[in-house]
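Here the structure comes first, spelled out in structure tokens, and everything after it is commentary.
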Amino acid sequence: MSQLESYATQTNVQKLSEEEKHKLVAEVMRYMLFSQYRDGAPVTRTKLSEHLSKIAPELKRAKVSSYIVAEAQVKFNEIFGIEMKELSRKAQKKTGAARTNLQASEPTKEYVLKSLLPSKIRRQFIDREEDHTFRGFVMAVVALVSVSGGEIEEQVLWKHLARLGVRHDDEAHPKLGNVRDTLNKLCLQRYLMKEKGVGSDGKDTFRYSLAERAMDELPTEKVDKYVTELMRGHNDEDGNAAGENGNTT
């Protein structure tokens, strides 16, 4: 028995009419599409349950929402060729009692929409130029954090990005716009987590670490391949520059 079939056998779900089911599933799909278009941030299970409660407060949402969300996942796949992917939110680091409470609690569930089209077709017919630019920036930042052991101090990250032509004080980058806002967008969309800590110089600083979406969409082998290709490109450029310099002497 599938998870959806299991939810469908629950008494509260069986009390729903087909019209009510379709209405609630459509509301979840509409909410997900609007949220992803607005800022691309994952939508938590709690937010979806709260939205369903506003639509139909007379129903016991706690026992119905699981079925409605599962049905919406199926419909996204069948109708749009989109996966409504469930992720477990990576928790911020805590200390003391807060850490104990965090370990005892269940991880927060959240959802993002991902196209199931082959990447070549998506790039050719769907993606906009700014989508390519943003994805490239995401990959570069995730790679820098990854090769730094999974977390990096803010000033060190900016130093590396400056070598790629991306400065922290650039508010009008030709491709990225306000660079700080774009980096903050990576935190909003859960590719990165930003936490306050103590830097290598003993002073307070911010550190970035990989969040759940980066680990889901950009696994280690993909990041390693990107870094290898990037380094190969730099080596080729250095070799060409050396050859040109040699020819001029």
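The values are calculated or read from the model by the stated rules, or taken from the named source; none is laboratory data. Predicted, not measured: the structure shown is a model, and the values here were computed from it. All Cβ positions, glycine included, derive from the backbone under ideal geometry; neighbour counts span all protein chains shown.
In table form, for the structure just shown:
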{"item": "Qualifying positions in the range 168-196 - surrounded by 13 or more Cβ atoms within 10 Å (Cβ to Cβ) and either outside the structural domain of Thr133 (by TED's automatic domain parsing) or over 23 Å from the mean Cα position of the chain (by Cα) (or both)", "result": "Asp170"}
{"item": "Output for the range 16-58, where each listed residue is of a type in the set (Lys, Arg), more than 15 Å from Glu110 (Cα to Cα) and surrounded by 16 or more Cβ atoms within 10 Å (Cβ to Cβ)", "result": "Lys21"}
{"item": "Residue in the range 131-139 that is in contact with a Pro (Cβ under 7 Å, 6 or more places away or on another chain), at pLDDT 90 or above and either within 21 Å of Pro42 (Cβ to Cβ) or surrounded by fewer than 16 Cβ atoms within 10 Å (Cβ to Cβ) (or both) present", "result": "no"}
{"item": "Yes/no for Lys194 being modelled with pLDDT of 95 or more, part of a strand (DSSP E or B) and among the basic types (Lys, Arg)", "result": "yes"}
{"item": "Boolean, Glu110 is of a type in the set (D, E, K, R) and either surrounded by 19 or more Cβ atoms within 10 Å (Cβ to Cβ) or farther than 21 Å from Glu221 by Cα (or both)", "result": "yes"}
{"item": "Selection status of Arg180, under 30 Å from Val74 (Cβ atoms) and either in contact with an Asp or Glu (Cβ under 9 Å, 6 or more places away or on another chain) or part of a helix (DSSP H, G or I) (or both)", "result": "no"}
{"item": "Close pairs from the range 43-71: first farther than 27 Å from Leu188 by Cα and outside the structural domain of His22 (by TED's automatic domain parsing), partner among the charged types (D, E, K, R) and at pLDDT 85 or above, Cβ under 6 Å, at least 6 apart", "result": "none"}
{"item": "Scan of the range 35-53 for residues that are in a helix (DSSP H, G or I), under 16 Å from the mean Cα position of the chain (by Cα) and farther than 13 Å from Val69 by Cβ, ordered by number", "result": "Ser35, Gln36, Tyr37, Arg38"}
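Residue-by-condition table, conditions (1) of a type in the set (D, E, K, R); (2) part of a helix (DSSP H, G or I); (3) modelled with pLDDT of 95 or more:
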residue: Met1; (1), (2), (3): no, no, no
residue: Leu33; (1), (2), (3): no, yes, yes
residue: Pro57; (1), (2), (3): no, no, no
residue: Val64; (1), (2), (3): no, yes, no
residue: Phe76; (1), (2), (3): no, yes, yes
residue: Leu87; (1), (2), (3): no, no, yes
residue: Lys94; (1), (2), (3): yes, no, no
residue: Thr100; (1), (2), (3): no, yes, no
residue: Tyr111; (1), (2), (3): no, no, yes
